[in-house]
Amino acid sequence: MAKGRHILRLAKHRNNGGEELPVCHVVSRVPSAEFRRTQNLAQWAEFQEQEKTLAGKVFAVLGDIHANIEALNVVLDDARKQGVTDFVCVGDVVGYNASPKECLEIVRGELNAHCVQGNHDYYISNLSMNLEDFSPHAAAAVKWTREQLNDDEMAYLANLPLKKPVMGFTLVHSTLDMPERWGYVFENDQATSSFAFQKTPICFHGHTHVPIVYELTDTGAKHRPAEDMTVRVGQRLFINVGSVGQPRDGDPRASYAIYVPATRELKFRRLEYDVAAAQERIKKAGLPERLWQRLEFGR
Ligand SMILES: [Fe+2]
């Protein structure tokens with residue numbers, strides 16, 4: 001790693017019930033602005049070479065599907081109408097909602113999507129995971145989901161990579177600096193730390209269930225709203241695509257993004273779906289009340 005400043009940041013880690021765990025200090029090294037400029041130009045040159053082979057490709061970037069088949073089906077219908085040719089996924093295919101098998105089958109089979117592992121994919125497929133620190137409703141969802149999946153489905157989840165480069169961009173669930181820690185990016189400094197390990201101009205992520213865009217500037221990451229944009233050559237972006245199956249930004253509509261490499265267009269999509277039907281499935285599965293209640297509020 002090149003010369004640069006060190007930053008000491010407070011990392012807020014939360015368990016999968018959304019409860020904050022003890023704050024820990026994390027030291028990250030941020031490369032110098034000059035190193036970033038040189039590295040960025042080289043990565044963009046490589047990216048533009050790859051773009052030539054991606055003519056006609058339209059990517060849908062899905063994340064945090066969380067076993068919500070009603071939301072996933074509406075997203076897929078919309079994506080096809082938008083001309084999407086390829087699907088990728090930033091993790092958490094399962095957990096919380098009541099259609100894990102159906103969602104897994106679509107992601108693995110029909111979509112043949114490049115996918116990274118989310119924390120719920122890991123908790124569910126790792127049977128030695130201690131659930132004592134989990135909130136009761138989160139632990140109940142993990143146990144119930146384990147009972148639904150067969151060995152092959154569990155192995156698929158267990159073997160997903162933590163991060164993955166895909167045709168010019170990168171996928172990760174949480175952050176690139178410590179993907180196995182499942183840290184949440186709520187602050188610019190947390191995004192700055194991830195940028196230090198980003199080897200492509202664009203990286204898509206999820207985990208917070210809140211769509212947002214971080215751009216790397218000479219003074220570190222700056223966030224901006226998740227709005228449609230054309231990516232400029234030279235920009236470095238860490239893009240949260242929001243959640244298909246359990247949005248948490250106060251908007252209950254399913255969220256995903258579309259990226260067109262040839263034109264560098266980025267679009268954020270929000271779609272209404274049959275929330276009542278998804279809630280009914282959760283009730284029938286006997287999962288905790290909190291899990292179906294939150295869907296209608298997007299929290
Ligand atoms: Fe998630």
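The values are calculated or read from the model by the stated rules, or taken from the named source; none is laboratory data. For clarity, every value in this text was computed on a predicted model and none was experimentally measured. Glycine gets a Cβ as well: all are built from the backbone with ideal geometry, and neighbour counts include every protein chain shown.
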- Single match in 253, 270, 236 (criterion: of a type in the set (Lys, Arg) and farther than 30 Å from residue 55 by Cα): 253
- Item | Pairs where the first residue, in the stretch 231-244, is over 7 Å from residue 255 (Cβ atoms) and the second is in a strand (DSSP E or B) and within 16 Å of the ligand (Cβ to nearest atom), C-beta under 6 Å, 6+ apart | 239/204; 240/205; 240/212
- Query: Counting only residues that are surrounded by 24 or more Cβ atoms within 10 Å (Cβ to Cβ) and within 13 Å of the ligand (Cβ to nearest atom), how many does the stretch 212-265 have?
  - Reply: 9
- Task: Could you please find all residues in the stretch 162-176 being surrounded by fewer than 18 Cβ atoms within 10 Å (Cβ to Cβ) and in contact with a helix residue (DSSP H, G or I) (Cβ under 9 Å, 6 or more places away or on another chain)?
- Result: 167
- State all residues of the stretch 66-77 that are crowded, with 18+ Cβ neighbours inside 10 Å and either charged (D, E, K, R) or farther than 30 Å from residue 96 by Cα (or both); if no residue qualifies, say none. 70
- Query: Any idea which of 109, 63, 83 is touching a strand residue (DSSP E or B) at 6+ places or on another chain (Cβ under 9 Å), modelled with pLDDT of 95 or more, small (Gly, Ala, Ser) and loosely packed, with under 13 Cβ neighbours inside 10 Å?
  - Reply: 83
- Query: Which ones in the stretch 233-264 are more than 17 Å from residue 198 (Cα to Cα) and more than 14 Å from the chain's Cα centre (by Cα)?
  - Reply: 249, 250, 251, 252, 253, 259, 260, 261, 262, 263, 264
- Query: Filtering the stretch 63-94 down to residues that are part of a strand (DSSP E or B) and in contact with a Phe, Trp or Tyr (Cβ under 8 Å, 6 or more places away or on another chain), which residue is nearest to the ligand (Cβ to nearest atom)?
  - Reply: 88
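Rundown of residues vs (1) modelled with pLDDT of 95 or more; (2) over 21 Å from residue 265 (Cβ atoms); (3) in a loop (DSSP other than H, G, I, E, B), yes/no style:
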| site | (1), (2), (3) |
| --- | --- |
| 138 | no, yes, no |
| 170 | yes, no, no |
| 192 | yes, yes, no |
| 197 | yes, yes, yes |
| 208 | yes, yes, yes |
| 234 | no, no, yes |
| 239 | yes, no, no |
| 247 | yes, yes, yes |
| 251 | yes, yes, yes |
- Task: Could you please let me know if residue 119 is within 16 Å of the ligand (Cβ to nearest atom) and not aliphatic (A, V, I, L, M)?
- Result: yes
- Message: Where the second residue is at pLDDT below 95 and near the ligand (Cβ under 10 Å from one of its atoms) and the first is within 20 Å of residue 155 (Cβ to Cβ) and lies in the stretch 86-103, which pairs have Cβ atoms under 8 Å and are six or more apart or on separate chains?
- Response: 95/16
- Message: residue 162 - would you say it is under 15 Å from the mean Cα position of the chain (by Cα), aliphatic (A, V, I, L, M) and farther than 14 Å from residue 65 by Cβ?
- Response: yes
- Among what's in the stretch 183-211 and is of a type in the set (Gly, Ala, Ser) and within 15 Å of the ligand (Cβ to nearest atom), pick the residue that is surrounded by the fewest Cβ atoms within 10 Å (Cβ to Cβ). 183
- Query: Which condition breaks for residue 128 when tested against (1) within 16 Å of the ligand (Cβ to nearest atom); (2) in a loop (DSSP other than H, G, I, E, B); (3) among the small types (Gly, Ala, Ser)?
  - Reply: (1)
